[in-house]
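Shown next, in structure tokens, is the structure this report addresses.
Any read-out appearing in this document is the output of simple, stated calculations on the displayed coordinates, not a laboratory observation. Not measured: the values here are computed from a predicted model. Glycine gets a Cβ as well: all are built from the backbone with ideal geometry, and neighbour counts include every protein chain shown.
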Amino acid sequence: MGLLLLTGGFTALSAAVVLLVRAVTAGRGHRVAPARLEAVERVYGAGGAVQRAPQESFADRVLRPLAGRFGRLARRLTPAGMVARMNRSLTYAGNPPRWPVERVMQMKGLGLLAGGLIGLLYGSGLGGALLVLGVAAGAAAGFFLPDLLIYNLGVRRQQEIAKTLPDILDMLTVSVEAGLGFDAAVSQVRHNAEGPMAGEFARMLREMQLGKPRTDALRAMSERTTVMELRGFASAVVQASELGIPIANVLREQAREMRLRRRQRAEEAAQKVPIKILFPLLFCLFPALFVIIIGPGALSIMELLGS
């Protein structure tokens with residue numbers, strides 16, 4: 001019975017791992033062969049002996065539709081509040097093109113299945129409550145792993161926005177003071193800058209070109225991030241537009257405050273360094289120093305006591 005359970009669990013785990021890998025790497029494995037065929041066609045001509053196979057692969061015919069149906073089913077079974085939180089996390093992460101909500105649902109479902117099966121395989125020899133605990137822990141770890149990955153992407157993206165925002169505001173201030181309008185200055189900064197902040201400016205400009213007012217586009221940009229400095233900048237520009245205050249003065253003041261806050265964050269991080277290196281010193285360096293300093297004396301004392 002135990003052997004049958006292990007065999008069934010291993011088979012299900014293998015199927016789950018195959019589906020997980022295919023869902024993550026969908027579309028990557030079919031790029032090499034078409035590229036090689038195109039290279040051959042360029043050498044021998046389109047009428048050469050090499051012809052593209054009209055039939056689809058097993059992954060396209062079976063695995064990908066199965067994963068799609070699984071993701072749609074998981075989307076229907078997931079509460080609306082969880083889907084909204086997931087959409088917000090994906091927005092903070094920059095909406096990765098290969099990670100729509102349906103793909104995340106697929107990963108969560110497959111992770112739940114694979115984690116539970118791994119817990120079953122490792123805990124099958126324990127039995128009782130430990131087996132149930134292992135299955136539950138593995139299933140929970142597999143289910144929340146995509147959330148952790150998306151959260152880490154979002155944190156890194158928000159940190160990059162906070163890091164580059166003062167320099168981008170300086171560029172924006174210089175452009176406005178040189179005579180450009182706010183929209184033209186944002187477009188100029190978008191072309192000259194790189195990173196997620198430039199992407200946010202590009203999205204704001206696209207929304208404005210589609211007819212959204214500038215104030216609404218700025219508010220939408222501030223809601224797509226957790227950086228308080230960016231939200232403060234958007235609020236200041238919105239108020240300046242509504243009250244008729246010159247944008248150049250607002251941008252100059254915002255850039256000065258951003259530089260001040262960045263310097264304060266750097267000083268705060270420098271003050272935390274001694275605390276962070278305290279534990280490595282205690283557990284790694286001091287024991288070796290104690291052995292070097294006290295070791296010879298301890299050996300001498302042991303020899304004296306032994307004699």
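Here are the numbers for the structure shown:
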read-out: All lysines inside 21 Å of residue 272 as judged from Cα atoms, apart from same-chain residues fewer than 8 positions distant; value: 163
read-out: Net charge of neighbours whose Cβ lies under 12 Å from the Cβ of residue 141, counting Lys and Arg as +1 and Asp and Glu as -1; value: 0
